[in-house]
Amino acid sequence: MQIGIVGGTGAAGKSLALRLSSLGHDVALGSRSLERALETSAELSVHDGLVGAINGVANLEAADCEIVFIATPWDGAESTARSLAKELSGKIVISMVNALVKVGPEMQPLLLSRGSVAQSLQSVLPESYVVSTLHHVPAKELGEIGRRVESDILVCSDHLEPKKRVMELVDSIPGLVSLDAGSLANSAAIEAMTAVLINLNIRYKTRSALRITGLPRN
Ligand SMILES: NC(=O)c1ccc[n+]([C@@H]2O[C@H](COP(=O)([O-])OP(=O)(O)OC[C@H]3O[C@@H](n4cnc5c(N)ncnc54)[C@H](OP(=O)(O)O)[C@@H]3O)[C@@H](O)[C@H]2O)c1
C-alpha cells in the first residue's frame, strides 16, 4: 500500500515511516519543504530492515496517497488539512495529532471548540474519512522497528469501513492491538489521555502504554 505522511519530517512522522516501510508499505514522506522531505527520506532510507520505499515529497503529493496520516503539531493541522482538502477528498485521513500544552512541569490537554483535533479535521475535510488513532505510542518506540510495541490502540471514526481498514493496519504492527473506540466524538478523550500518559512517564521515569482489561482476547 502507498501511504502518505503529511508533516513526515518530525519525530512521529519519521518513526511511522520506518515502521510502515518495515511492514512492506511504500511511504510518501511529506513536508512543507521538498528539500527537507528529501533530506529526511535519504536519512531514513539507510536504516536496516526496510522493505517499502520511503520517498520524500511535498505535502501535496503525500496527500495524494490512498491512506494519509496527518502528523503535524495540533496548531498547524487544521489549516494544513484545509489546504489539502481537494487531494484528500475520498481518502482515509488518519489523525494522530494531540492538542497539548506544557504548563509548568506538566503536559495538559487543550479543550478545542470542535471537541478534538480529529473532529476539527473532519469538519474541514467533509469529503474525507477521518480516523483518529495512534495518539499514545511514543515516536521512539514506534521507530524501533526490530522491537514490538506492547499496547492497546484506541481507534475512532464516524466511518465504519475506513475505521476497520485502519484497525487492520494498526494490528499489523507487532504488539499493537486495535480496539474500536466508537465515533469521532470519542477522540477528545483519547487525545487528552496523551497528556496523562506523558505525565506518568515523567513522574515514574518510564514508558507507559494503555492496556484495557475486561475485553475478550484471542
Ligand atoms: N512525537 C511523538 O512521540 C508523538 C506520538 C504520538 C502522536 N504524536 C502527535 O503527532 C504529531 C507530530 O508530532 P511530532 O513530535 O513529530 O511533531 P513536530 O516534530 O513538532 O512536527 C512534525 C512536522 O510538522 C511540520 N510542521 C510544523 N509546524 C507546522 C505547521 N504550523 N503547519 C504545518 N506543518 C507543520 C514540520 O515539518 P515541515 O517543516 O518539514 O513541514 C514538522 O517536522 C503531533 O500532533 C503529536 O501530538 C506525536
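Read the figures in this text as sums done on the coordinates, not as results from a lab. Computed from a predicted structure; not experimentally measured. Neighbour counts are summed over all protein chains in view; Cβ atoms, including those assigned to glycine, are modelled from backbone coordinates with ideal geometry.
Key figures
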item: Backbone HN-Hα couplings from phi across the range 56-61 [Karplus 6.51/-1.76/1.60, Hz, Gly and Pro as x]; result: x, 9, 6, 3, 4, 6
item: Choice from 38, 121, 112 with maximal GNM fluctuation in the chain (Cα, 10 Å cutoff); result: 112
item: Along the chain, longest interval not containing exposed trypsin sites (Lys or Arg not before Pro), exposed being DSSP loop plus at most 11 other Cβ atoms within 10 Å; result: 1-146
item: Proximal charge balance of residue 122 [Cβ under 13 Å; K/R count +1, D/E count -1]; result: +1
item: Cα centroid separation - the range 73-140 against the range 153-218, whole Å; result: 15 Å
item: Linear extension gain, residue 180 paired with residue 102, 0.36 nm per residue minus alpha-carbon span; result: 25.1 nm
item: Proxy reagent accessibility, fewest Cβ within 10 Å first, across 46, 170, 27, 68; result: 46, 170, 68, 27
item: Under 29 Å, Cα to Cα: Lys pairs in the range 2-204, sequence gap 8 or more or different chains; result: 14
item: Gaussian network model of the chain, springs between alpha carbon atoms under 10 Å - residue of 111, 142, 60 with greatest fluctuation; result: 111
item: Net charge, residue 52 excluded, C-beta distance under 11 Å - Lys, Arg +1, Asp, Glu -1; result: 0
item: Cα gyration tensor, the chain - rounded (a/c under 1.5), prolate or oblate; result: rounded
item: Gaussian network model of the chain, springs between alpha carbon atoms under 10 Å - residue of 149, 130, 101 with greatest fluctuation; result: 101
